[in-house]
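Student: Let me begin by handing over the structure; questions about it come next.
The values are calculated or read from the model by the stated rules, or taken from the named source; none is laboratory data. A quick note: this is a predicted structure, and the numbers were derived from the prediction, not measured. Cβ: placed from backbone, ideal geometry, glycine included. Neighbour counts: every protein chain shown. Heads up: the accessible areas ignore ligands, DNA and RNA and are worked out on the full protein's heavy atoms, side chains in. Shrake-Rupley method; radii C 1.70, N 1.55, O 1.52, S 1.80 Å.
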Amino acid sequence: GGYSTKTMHFSLAWMTSKFENDTESIDWQNGYWGNGLDRTYLPPDNDYQRFALNGVIRALPWNSTLAARYTWDRTESEFNIDSAVLGGTSTAPVFINTAPSASRFNGDETRQTFTLGWAATPVTNLDTKLYYNWQKMKNDSTDVVFCASGASSCDGTFENDLWHYEKNNIGIDA
């Protein structure tokens, strides 16, 4: 939805998406491990939402334009974590217990952006632009450590990376 005239435009948008997969994994014979039964995991169910606000004002002093945009996105998913993987050698395949610290993974990732820009022509043949960009990503998903006990069959511990960031960018062009 929105509102628009010759000198301004404002809009609001919301989107949602749902992906469902009834087949979480496929079991198959792996010739590399003496035709041992292996498993391939398929994408899990997930939900996505996006909210966006946009605004533009034109015909300001110096023939300038002011524009702003804000977005918010969220992706969520959840699935069971298998505790065994096929390993060993082709002549002696074995299932290795990965001993995950959680039995279920809950994915929860949120992103936000904000952009503000001002463009102007203060004198003939001089175009200028002042802008600010902000981005933030927050990952509140389940932190999972595999082989947390340091089991020798795993060659150490392994952990998923739940990284977050925030970025600010400001600039001027002429």
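Student: Starting from residues that are open to solvent by less than 80 Å² (accessible area, probe 1.4 Å) and in contact with an Asp or Glu (Cβ under 8 Å, 6 or more places away or on another chain), keep the ones in segment 26-39 and report whichever is farthest from M137 (Cα to Cα).
Tutor: Applying the filter and picking the extreme gives N30.
Student: Could you say whether any residue in segment 41-51 is of a type in the set (A, V, I, L, M, F, W, C), part of a strand (DSSP E or B) and surrounded by 13 or more Cβ atoms within 10 Å (Cβ to Cβ)?
Tutor: Yes - at least one qualifying residue is present in segment 41-51.
Student: Sticking with this structure for a sec: Here's a check for you: in segment 96-125, which residue that is aromatic (F, W, Y) and either surrounded by 17 or more Cβ atoms within 10 Å (Cβ to Cβ) or outside any strand (DSSP E or B) (or both) is farthest from the chain's Cα centre (by Cα)?
Tutor: From segment 96-125, those aromatic (F, W, Y) are 105, 114, 118; that's our starting set.
Remaining after also requiring either surrounded by 17 or more Cβ atoms within 10 Å (Cβ to Cβ) or outside any strand (DSSP E or B) (or both): 105, 118.
Details: F105: 16, W118: 29 Å.
This residue is W118.
Student: As an exercise: evaluate A92 against (1) small (G, A, S); (2) touching a strand residue (DSSP E or B) at 6+ places or on another chain (Cβ under 9 Å); (3) open to solvent by 40 Å² or more (accessible area, probe 1.4 Å) and give the number of the one condition it does not meet.
Tutor: Going through (1) small (G, A, S); (2) touching a strand residue (DSSP E or B) at 6+ places or on another chain (Cβ under 9 Å); (3) open to solvent by 40 Å² or more (accessible area, probe 1.4 Å) one by one, A92 breaks only (2).
Student: Could you give me the residue pairs with C-beta distances under 8 Å whose first residue belongs to segment 158-172 and is without any contact (Cβ under 8 Å) to a residue 60 or more places away in the chain and more than 13 Å from N133 (Cβ to Cβ), whose second residue is small (G, A, S) and open to solvent by less than 100 Å² (accessible area, probe 1.4 Å) wherever it lies, and which are 6+ apart or on separate chains?
Tutor: Qualifying pairs under 8 Å: N160/S141; L162/S141.
Student: Out of (1) more than 30 Å from G36 (Cβ to Cβ); (2) without any contact (Cβ under 8 Å) to a residue 60 or more places away in the chain; (3) surrounded by 13 or more Cβ atoms within 10 Å (Cβ to Cβ); (4) not aromatic (F, W, Y), what's the single condition that is false for P61?
Tutor: So the condition that P61 fails would be (3).
Student: Here's something else I'd like to know. Which one of S17, S11 is part of a strand (DSSP E or B), of a type in the set (G, A, S), under 22 Å from the mean Cα position of the chain (by Cα) and within 30 Å of K136 (Cα to Cα)? Let's see the steps before the verdict.
Tutor: On the way: S11 fails: under 22 Å from the mean Cα position of the chain (by Cα).
Only one candidate passes the filter, namely S17.
Student: Would you point out the residue of segment 143-166, among those that are at pLDDT 80 or above and β-branched (V, I, T), that is least open to solvent (accessible area, probe 1.4 Å)?
Tutor: Ranking the qualifying residues of segment 143-166, first place goes to V144.
Student: Would you mention how many residues in segment 9-25 are open to solvent by 70 Å² or more (accessible area, probe 1.4 Å) and touching a Pro at 6+ places or on another chain (Cβ under 8 Å)?
Tutor: Summing the residues that are open to solvent by 70 Å² or more (accessible area, probe 1.4 Å) and touching a Pro at 6+ places or on another chain (Cβ under 8 Å) in segment 9-25 gives 2.
Student: Can I ask one more? Could you go through segment 74-86 and let me know if any residue there is within 30 Å of D173 (Cβ to Cβ), assigned to a strand (DSSP E or B), basic (K, R) and open to solvent by 40 Å² or more (accessible area, probe 1.4 Å).
Tutor: Within segment 74-86, none of the residues are within 30 Å of D173 (Cβ to Cβ), assigned to a strand (DSSP E or B), basic (K, R) and open to solvent by 40 Å² or more (accessible area, probe 1.4 Å).
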